[in-house]
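Here's the structure, in structure tokens; my notes come after.
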Amino acid sequence: KICGFMVAEDEYQQVCQPSAEELVSAIKDVKVRFPDYGIKRVWTHLKEEKAWQISEKRVKSTMQDNGLTEGGASSAPAIGSDIGREGEVKKKAGKKKACMTPKEQTWPEPTVPIMDLFPSGVFPAGELQEYQGLNAYRTTDAEKKEQEKLECSSYEELREGAEVHRTARKYLQGLAKPGELMIDLCEKLENKVRELIKADFPERGIAFPTGCSINHVAAHWTPNGGDKTVLQYDDIVKFDFGTHVNGRIIDSAFTHYFNPRYDPLAAAVKDATNTGIREAGIDVRLCDIGAAIQEVMESYEVEIDGKVYPVKSIRNLNGHSIGPYQIHAGKSVPIVKGGDQTKMEEGELFAIETFGSTGKGVVHEDLECSHYMKNFDAGHVPLRMAKAKELLGVIDRNFGTLAFCRRYLDRLGCKQYLLGLKNLCDSGLVQPYPPLVDVKGSFTAQYEHTFILRPTCKEVLSRGDDY
């Protein structure tokens with residue numbers, strides 16, 4: 001008799017004997033919730049919680065084979081635990097120090113792939129925020145907790161991508177200094193991401209080109225081959241790059257500058273982004289988030305060269321939902337009041353990004369295009385140009401529906417491809433994304449985080465100790 005129901009003996013054996021995959025998943029879940037549990041306590045917990053008839057020997061061998069003994073998953077943060085520097089769980093006083101993982105990251109240049117630092121496959125969780133109001137019950141709801149266990153693997157894929165992002169951006173922040181060529185910074189960052197994530201399309205790699213938009217350019221600028229733009233002391237740069245593991249994208253951005261005159265502008269945008277994240281949640285209307293963001297953003301002003309500017313939300317730039325291999329999955333999160341009444345839903349992945357400007361607060365397309373992406377829903381389109389057909393094959397084999405730039409085509413050895421690329425854009429198979437700029441002489445800033453609306457809580461995956 002199980003849970004009040006009579007079952008046949010063969011059915012009983014199936015219920016009480018988990019498969020190898022079920023056992024590994026269950027052990028990982030226990031280790032996440034109870035990092036200090038050893039083999040015996042994990043075995044006892046599984047017998048009580050799952051009513052499984054399993055031997056301690058089987059649990060022991062499974063944990064050893066999958067690196068889940070002390071020093072494996074024990075380094076992963078539990079739900080509700082404090083996340084400290086570098087995403088590591090703060091050690092509780094008086095607790096026995098866990099064994100070190102096989103490797104540690106190298107600095108100032110990280111060279112150890114992130115998956116090698118976490119051989120158990122359990123990666124540091126992001127910032128956990130409890131739901132408020134009518135959704136407060138979700139934090140302790142048993143059914144929601146069980147539902148969450150089914151998504152364990154997808155959470156770990158997102159967390160791995162987030163850990164790569166945190167590590168790579170820390171490396172970039174040490175490199176980005178006045179006098180550096182922007183193209184060198186982008187290529188060093190992208191090569192480091194490929195190294196840290198063990199890039200292998202389509203399973204893992206870069207999600208989109210590195211945006212490094214300067215001053216009045218707000219988004220979608222990256223240097224094309226041969227560009228000689230140099231980073232200056234008075235520049236304010238928006239570094240925006242993404243990672244993915246099995247198509248699960250982490251999209252995060254920050255503002256980098258040297259002159260302290262930009263402090264109020266950066267503070268306004270960072271505060272607005274955090275406000276948007278705080279207001280977001282299951283059943284929350286997108287327009288309400290935009291209103292909250294604008295109210296915070298436009299409460300700031302900044303003085304530059306003796307002139308005071310109000311900080312404005314750039315009203316035609318938005319956050320967005322994210323789908324597998326799809327950076328913009330259909331829902332847009334405004335950063336001004338008014339607009340879409342659509343609600344956020346459980347399980348959705350979002351990027352909240354806000355942009356502040358000392359200019360008009362409206363952007364338009366300008367400058368040479370560098371960003372492109374194959375249309376996610378593009379069907380078959382007959383192509384007559386041989387160069388276009390050849391280029392489409394390169395795009396399908398190396399990027400799929402992920403964004404790319406001209407430098408990536410150069411890196412693959414493509415030659416004289418611009419006419420073929422134009423033909424793909426004209427046919428609707430590929431969409432160009434030119435740089436988006438405010439008025440010349442203005443300054444713009446951006447901060448962005450990716451979060452997921454889990455059944456029990458909101459997890460800000462890309463959160464780090466830098467922003």
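The values are calculated or read from the model by the stated rules, or taken from the named source; none is laboratory data. Since the model is a prediction, treat every value here as computed from it, not as a measurement. Positions of Cβ are generated from backbone atoms using ideal geometry, with glycine treated the same way; all protein chains shown enter the neighbour counts. Heads up: the accessible areas ignore ligands, DNA and RNA and are worked out on the full protein's heavy atoms, side chains in. Shrake-Rupley method; radii C 1.70, N 1.55, O 1.52, S 1.80 Å.
Could you tell me whether any residue of the stretch 276-290 is modelled with pLDDT under 95, of a type outside the set (Val, Ile, Thr) and open to solvent by less than 50 Å² (accessible area, probe 1.4 Å)?
Within the stretch 276-290 (the criterion being modelled with pLDDT under 95, of a type outside the set (Val, Ile, Thr) and open to solvent by less than 50 Å² (accessible area, probe 1.4 Å)), the answer is no, since none of the residues qualifies.
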*Can you work out which of the residues in the stretch 114-139 that are hydroxyl-bearing (Ser, Thr, Tyr) and touching a residue at least 24 places away in the same chain (Cβ under 8 Å) is surrounded by the most Cβ atoms within 10 Å (Cβ to Cβ)?*
120
*Quick one: how many residues across the stretch 394-411 are out of contact with any Leu (no Cβ under 7 Å at 6 or more places or on another chain), more than 15 Å from residue 190 (Cα to Cα) and part of a helix (DSSP H, G or I)?*
3
*Restricting attention to the stretch 158-192, report how many residues are farther than 25 Å from residue 245 by Cα and within 12 Å of the chain's Cα centre (by Cα).*
0
*Those residues that are among the polar types (S, T, N, Q) and open to solvent by 50 Å² or more (accessible area, probe 1.4 Å), I need them from the stretch 140-154; list them, please.*
140, 147, 153
*Scan the stretch 359-375 and give yes if some residue there is within 16 Å of residue 247 (Cβ to Cβ) and in a loop (DSSP other than H, G, I, E, B), otherwise no.*
no
*asked:* Can you go through 271, 263, 340 and tell me which one is of a type in the set (Asp, Glu), touching a helix residue (DSSP H, G or I) at 6+ places or on another chain (Cβ under 8 Å), more than 30 Å from residue 201 (Cα to Cα) and part of a helix (DSSP H, G or I)?
replied: 271
*In the stretch 201-216, the residues that are over 16 Å from residue 180 (Cα atoms), in a strand (DSSP E or B) and open to solvent by 10 Å² or more (accessible area, probe 1.4 Å)*: 204, 206, 208
*Pick from the stretch 222-251 the residues that are closer than 18 Å to residue 188 by Cβ and part of a strand (DSSP E or B): which of them is most open to solvent (accessible area, probe 1.4 Å)?*
230
*How many residues are open to solvent by less than 10 Å² (accessible area, probe 1.4 Å) and of a type outside the set (Ser, Thr, Tyr) if we restrict to the stretch 438-454?*
8
